[in-house]
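Scroll down for the structure; my scribbles are underneath it.
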Amino acid sequence: MPNIINDIKLDFKDVLLRPKRSTLKSRFDVDLFRDITFRNSKLAYQGIPVMASNMDTVGTFEMAKALSKHGLFTTIHKYYTADEWKVFAIRNPECLKNVAASSGTGNEDFERLSMILATIPELTFICIDVANGYSQHFVEYVRRVRLEFPFHTIIAGNVVTGEMVEELILSGADIIKVGIGPGSVCTTRMKTGVGYPQLSAVIECADAAHGLKGHIISDGGCTCPGDIAKAFGAGADFVMAGGMFAGHDECGGETIQKNGKKYKLFYGMASNTAMKKHAGGVADYRSSEGKTVEVAHKGAVESTILDMLGGLRSACTYVGASRLRELPKRATFIRCNQQINNIYGPPM
Ligand code: 5GP
């Protein structure tokens, strides 16, 4: 008989953070940097744990340069060659502590990854990314990468439930990427009916990971700086975003001119656009699980970064967290029926 979970599971839009009495004088007093030591690699990380997705539109070297200046992280997409990596590493050695090299689970992925890591010893983060992190093949691939690279920090995903978080951490991953279906250009929930409301997924997966001294990334579904604050409040150690970083000068993808206005093409990595670009088309046995959209050109990513970090500092001030690390301890979520007043439309 099919099972039904009757507990209500929540998304970012279903809650607000409750303000709390605080002794903080100003947003200026809030420290967004975190020091983390990873469970399996034993490596230490220091940075602002906001990440650009490993999508070929936002996980670019240009994005990494802009984000790293502020201490943010970029998971670089997997379509750069080892030679391109080499040039990036020589010209931007200071960025290497804030980037990861991405990999799928094929043999050619493994070879490419090995070549990049052999070329750049200072690169210590690996991001193993598949749409569905529940297969045994994926778990075995994580084990293989751990065996081959015992001293690298491994990010693995995506999953949304505690038992799979534990399995991946015990298989050698340090940071688990959490999110199935919340993304801005994702159509998995429509095509398959599969998913998990993101706020609840983060709360449950963080609990499972932290019990083993592992860490998690909340991946996808952040539409505004407030959502990033909610993800951290829910227990995410890192928050990854694609759509919020899309449309900037630093992004890959075509720039389109229409009626005197500039747009940037942004698409899911499982969209027709991405599959045509990287796999020569959509195979007969699968369907596209991503959208292609045109995002109004937003200029340099710098102002978006400042807006995100300003919002996050302000959220910490409202709940009395002097450091980002304290946000989950200070967070109480209130369920709500309406969180934003849209009488004048969405903010520009
Ligand atoms: P966003 O921040 O735009 O809401 O979500 C970004 C995340 O969406 C990515 O980090 C990745 O996990 C996910 N994603 C990217 N492309 C696709 C896609 O084509 N299909 C699905 N299902 N998810 C995608």
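Provide the gained length on full extension for the span T255 to S287, in nm with one decimal, where the gain is 0.36 nm per separating residue minus the Cα-Cα distance.
Result for the pair: 8.9 nm of gain on full extension.
Quick check: convex hull over the Cα atoms of the stretch 209-348, volume per residue in Å³, rounded to an integer? Display every interim value, and only then the final one.
Numbers: hull volume 26.3 nm³, N = 140.
About 188 Å³ per residue, rounded to a whole number.
Looking only at G133, G179, G193, which one moves most when the chain is put into a Gaussian network model with springs between Cα atoms under 10 Å?
G193
Check which residues have an amide H placed less than 5 Å from K177's amide H, if you skip close sequence neighbours.
A156, G157, V159, I217
Does anything in the stretch 81-125 have its amide N under 12 Å from the 7 Å Cα→Cβ label point of F151, and if so which residues?
Residues 121-124 qualify, since their backbone N sits under 12 Å from the label point.
Just reorder E289, E148 by solvent-accessible area, largest first, 1.4 Å probe, all chains present.
So the residues, ranked largest to smallest area, are E148, E289.
Take the alpha-carbon centre of the stretch 140-209, take the same for the stretch 287-339, and report the distance between them in whole Å.
The distance from the Cα centre of the stretch 140-209 to that of the stretch 287-339 comes to 21 Å.
For the chain, what does -39500 (n - 2.57) per DSSP helix run (n ≥ 4), summed and divided by total residues, give at 222 nm, in deg cm²/dmol to the nearest 500? Don't skip to the end; give the middle numbers.
Numbers: 11 runs with 111 residues, N = 348.
So the helix-based figure for the chain works out to -9500 deg cm²/dmol.
Sticking with the crude label model, points 7 Å out along Cα→Cβ, report the distance from K25 to Y79 in nm, one decimal please.
5.0
Using a 10 Å cut-off on Cβ atoms, rank the peptides 333-341, 213-221, 168-176, 118-126 from the highest mean neighbour count down.
Working: 333-341: 10.0, 213-221: 26.4, 168-176: 24.9, 118-126: 17.0.
Packing proxy ranking, top to bottom: 213-221, 168-176, 118-126, 333-341.
Go through K86/K298; K78/K277; K65/K86; K42/K86 and tell me which ones have a Cα-Cα distance over 18 Å in this structure.
K86/K298; K42/K86
Over all distinct alpha-carbon pairs, what is the Kirkwood Rh of the stretch 219-302 in angstrom?
Details: mean 1/r = 0.0688 Å⁻¹.
By the Kirkwood definition, the hydrodynamic radius is 14.5 Å.
How much length is gained on full extension from R189 to T37, taking 0.36 nm per residue of separation minus their Cα-Cα distance?
Length gained, R189 through T37: 51.3 nm.
Between R323 and A118, what is 0.36 nm times their sequence separation minus the Cα-Cα distance? Round to one decimal in nm.
70.2 nm
At 25 °C and 0.890 mPa s, what whole-number value in µm²/s does Stokes-Einstein give for the translational diffusion of the stretch 240-288, with Rh from the Kirkwood sum over Cα pairs?
198
State the percentage of accessible surface on the chain attributable to carbon and sulfur atoms; use a 1.4 Å probe and exclude ligands, DNA and RNA. Before the final figure, lay out each step's value.
Values: 8930 of 16830 Å².
Looking at the chain in its full context, I get 53 percent from C and S.
Among R143, R112, R21, which one moves the most in a GNM of the chain with springs linking Cα atoms closer than 10 Å?
Answer for the Gaussian network model of the chain: R21.
Give me the Å³ per residue figure for the convex hull around the C-alpha atoms of the chain.
Normalising the Cα hull of the chain by residue number yields 157 Å³.
Can you flag which of K9/K69; K69/K264; K13/K291 are past 30 Å Cα-Cα?
K9/K69
Have a look at the DSSP beta bridges in the chain and tell me what percent are antiparallel, nearest 5.
35
May I ask you to give the average projected area over all directions of the convex hull of the Cα atoms of the stretch 50-114, in nm² rounded to one decimal?
Approximately 4.1 nm², given one-decimal rounding.
Mind listing the long-range amide H neighbours of G320? Cut-off is under 5 Å, sequence gap 5 or more, other chains count too, H placed in the peptide plane at 1.01 Å from N.
When sequence neighbours closer than 5 places are left aside, the close amide H contacts are K20.
Taking each pair of different alpha-carbon atoms in the stretch 1-116 once, compute 1/r for the pair, average those values, and report the inverse of that mean as the Kirkwood hydrodynamic radius in Å to one decimal.
17.5
For a quick check, take a GNM of the chain with Cα springs below 10 Å and name the residue from M51, M269, M190 with the largest mean-square fluctuation.
M190
List, in order, the whole-Hz ³J(HN,Hα) value for each residue of the stretch 41-56 obtained from phi through the Karplus relation with A = 6.51, B = -1.76, C = 1.60 and θ = phi - 60°; use x for Gly and Pro.
Here the 3J(HN,Hα) series is 6, 6, 7, 9, 10, 9, x, 8, x, 10, 10, 8, 4, 7, 8, 5 Hz.
Hey, what's the per residue convex hull volume over the C-alpha atoms of the stretch 50-175, in cubic angstrom?
98
Rounded to the nearest whole Å², what accessible area per residue is found for the chain with the 1.4 Å probe?
Accessible area per residue, the chain: 48 Å².
The values are calculated or read from the model by the stated rules, or taken from the named source; none is laboratory data. All of these numbers come straight from a predicted model, not from anything done at the bench. Ideal geometry is used to build each Cβ from the backbone, glycine not excepted, and the neighbour counts take in all protein chains shown. For the accessible areas, the whole protein counts, side chains as well, though only heavy atoms, and no ligand, DNA or RNA atoms are used. Shrake-Rupley method; radii C 1.70, N 1.55, O 1.52, S 1.80 Å.
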